[in-house]
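Trainee: Okay, handing you the structure first.
The values are calculated or read from the model by the stated rules, or taken from the named source; none is laboratory data. Keep in mind the model is a prediction, meaning the values are calculated, not measured. Don't worry about glycine lacking a Cβ; one is built from the backbone with ideal geometry, like all the others, and counts go over all protein chains shown. Heads up: the accessible areas ignore ligands, DNA and RNA and are worked out on the full protein's heavy atoms, side chains in. Shrake-Rupley method; radii C 1.70, N 1.55, O 1.52, S 1.80 Å.
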Amino acid sequence: MASNQAEHILSTAARLALDHGLGALTMRAVASAAGVSSSAIVYHFQTREGLLVAILEYLAESIAAGRDRLAGAFDDEQRAIAGPAAGVAAILCRMVDEQGLASITVSEIARLLRGTDMDRPVQAAMAAANQRAAHFWQALPLLAQEDAQAREIWAAFGQGVLALAMLDRSAVARNARVIRLTARLADRLAAREVVVLPASDAPQPLAALVRPAGKQQIVDATIRLSGEGGIEALTHRKIAAAAGLSVASTTYFYPTKEDIIVDAAYDVQARAMNAVINQSVAPPSFMSRITLDDRQEERAEMATLSAFMAAAVRNPELLPLAEVLRRTRGIDGARWLAARGYHATDRLDGIVWAAVTSFLAQHALLLPAAERVAFLDDFSDVWLRRLFG
């Protein structure tokens, strides 16, 4: 009976997290949704943090099971007809539909619990999940003819592209994007000549905006609060308090909370990339400087950007935020490539690179702090040359 009750609570809590984000996941809310007392949740999971770890493990197992079901999706004849790129694209389209939101939620939980008393079990669960994902891609029959390094890059892309693809609200547009990106990655790995998007079609790089002092204080406060606990619980009142301003000031500059978030998202992405490119950081250090702070922990801008992406995927009211993030991630990736001297690239390459490096960043944070810089810079440098050199 106790086991059945724990499973019921866990599945209910996981659904709440998927649908409404971690900000809505209080013990009281879970108890109400599951039809149990709060003491029952404490009995099975002790604390909210214990419940979050259990949700992470539950979702990670669900993701792995779904992936395993796709491993045998093609027989020998179908593999021969489809080929690696089309086959991988078909699998990724199904994964985005079935597992995209769960993957984002797993990453949210891992980020929220990093540095807490639950850090060790979370790190172990994430390391096991990454290992299973890497094994799936590297053992996938569709990729059997690829060399070992190419399979590593396919695995990183497969894991990193899910969150980026989820920013497309239209399933048709989302699938088309996944197919196009997968084809571009296959061409780059095979060193085939590609037709890049016209330079005249490329959006302008993000630039730091000059805002009135009060407006910039609001943006700074929103970035700080979002990185600490997500954006679900943000209100004009909380942002105003963190900014040291009146609520009237925030509503004067930004009529809705969504307006603040969109502007903050633009600002944080400009900061994240410009802090490296505009400061003439030595090229081999790009990846570590973008990802890590001076303590070799995740940069605050990166944590905030992840919080924005998760909220944009989950909340239909944040469509403008999703559009900004979708557009600018490709721009950031293309700027990175150009700054490294790879000029015959475009936004498609930028998105491919953003997907690959997002996985590298997640994996690096599972390593001891002293090993993170070398891991990020070494892998990114080798993979850059393989893809675009």
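Trainee: Which count do you get for residues in the range 293-308 that are within 11 Å of V268 (Cβ to Cβ) and out of contact with any strand residue (DSSP E or B) (no Cβ under 8 Å at 6 or more places or on another chain)?
Mentor: 9
Trainee: Quick one: R386 ticks every box in (1) touching a Phe, Trp or Tyr at 6+ places or on another chain (Cβ under 6 Å); (2) modelled with pLDDT of 95 or more except a single one, so which number is it?
Mentor: Failed condition: (1).
Okay, residues lined up against (1) in contact with a helix residue (DSSP H, G or I) (Cβ under 7 Å, 6 or more places away or on another chain); (2) among the β-branched types (V, I, T):
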| position | (1), (2) |
| --- | --- |
| T304 | yes, yes |
| F308 | yes, no |
| V313 | yes, yes |
| L325 | yes, no |
| W336 | yes, no |
| R347 | yes, no |
| A354 | yes, no |
| P368 | no, no |
| V373 | yes, yes |
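Trainee: Within the range 83-135, count every residue that is outside any helix (DSSP H, G or I) and either touching a Pro at 6+ places or on another chain (Cβ under 8 Å) or acidic (D, E) (or both).
Mentor: Let us first name the residues in the range 83-135 that are outside any helix (DSSP H, G or I), namely 114-118.
Keeping just the survivors that are either touching a Pro at 6+ places or on another chain (Cβ under 8 Å) or acidic (D, E) (or both) gives 117.
Within the range 83-135, residues that are outside any helix (DSSP H, G or I) and either touching a Pro at 6+ places or on another chain (Cβ under 8 Å) or acidic (D, E) (or both) number 1.
Results for (1) loosely packed, with under 13 Cβ neighbours inside 10 Å; (2) modelled with pLDDT under 95; (3) not charged (D, E, K, R), shown as yes or no for each residue.
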site: E108; (1), (2), (3): no, yes, no
site: L113; (1), (2), (3): no, yes, yes
site: Q123; (1), (2), (3): no, yes, yes
site: A134; (1), (2), (3): no, yes, yes
site: P141; (1), (2), (3): no, yes, yes
site: Q145; (1), (2), (3): yes, yes, yes
site: A150; (1), (2), (3): no, no, yes
site: I153; (1), (2), (3): no, no, yes
site: F157; (1), (2), (3): no, no, yes
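Trainee: Which of the following residues is in contact (Cβ under 8 Å) with a residue 12 or more places away in the chain, among the hydrophobic types (A, V, I, L, M, F, W, C), out of contact with any strand residue (DSSP E or B) (no Cβ under 7 Å at 6 or more places or on another chain) and assigned to a helix (DSSP H, G or I): A65, A73, A33, A80?
Mentor: One residue alone meets the criteria, A33.
Trainee: Six or more apart or on different chains, Cβ under 8 Å: which pairs go from a residue in the range 241-260 that's farther than 17 Å from R211 by Cα and modelled with pLDDT under 90 to one that's assigned to a helix (DSSP H, G or I) and open to solvent by 50 Å² or more (accessible area, probe 1.4 Å)? Could you list them?
Mentor: The qualifying pairs are E258/E317; E258/P320.
Trainee: Restricted to the range 38-58, and to residues that are of a type in the set (S, T, N, Q) and open to solvent by less than 60 Å² (accessible area, probe 1.4 Å), which residue is farthest from Q5 (Cα to Cα)?
Mentor: T47
Trainee: Please go through the range 79-109 and pick out each residue that is under 30 Å from G23 (Cα atoms) and not hydrophobic (A, V, I, L, M, F, W, C).
Mentor: Within the range 79-109, R94, D97, E98, Q99, G100, S103, T105, S107, E108 meet the criteria.
Trainee: For L51, all conditions in the list (1) of a type outside the set (F, W, Y); (2) under 30 Å from V352 (Cβ atoms); (3) modelled with pLDDT of 95 or more hold save one; what is the number of the exception?
Mentor: (2)
Trainee: Same structure again: Taking the condition open to solvent by 40 Å² or more (accessible area, probe 1.4 Å), at pLDDT 90 or above and within 23 Å of A150 (Cα to Cα), does R94 pass?
Mentor: Working: open to solvent by 40 Å² or more (accessible area, probe 1.4 Å): yes; at pLDDT 90 or above: yes; within 23 Å of A150 (Cα to Cα): yes.
It is true that R94 is open to solvent by 40 Å² or more (accessible area, probe 1.4 Å), at pLDDT 90 or above and within 23 Å of A150 (Cα to Cα).
Trainee: Just give me the residues in the range 11-30 being open to solvent by less than 30 Å² (accessible area, probe 1.4 Å) and assigned to a helix (DSSP H, G or I), in sequence order.
Mentor: Residues satisfying the conditions are T12, A13, A14, A17, L18, L22, V30.
Trainee: Which numbered condition in (1) surrounded by 14 or more Cβ atoms within 10 Å (Cβ to Cβ); (2) of a type outside the set (A, V, I, L, M, F, W, C); (3) over 30 Å from A89 (Cα atoms) is the only one that E61 fails?
Mentor: Tallying (1) surrounded by 14 or more Cβ atoms within 10 Å (Cβ to Cβ); (2) of a type outside the set (A, V, I, L, M, F, W, C); (3) over 30 Å from A89 (Cα atoms), E61 fails exactly one: (3).
Trainee: With R335, R347, R340, R327 as the choices, which residue is over 14 Å from the mean Cα position of the chain (by Cα) and within 30 Å of P368 (Cβ to Cβ)?
Mentor: R340
Trainee: Just to check your reading of the model, which residue among L206, L225 is assigned to a loop (DSSP other than H, G, I, E, B) and modelled with pLDDT under 90?
Mentor: L206
Trainee: Just to be sure, is A275 part of a helix (DSSP H, G or I), modelled with pLDDT of 90 or more and over 25 Å from V96 (Cβ atoms)?
Mentor: The answer is no for A275.
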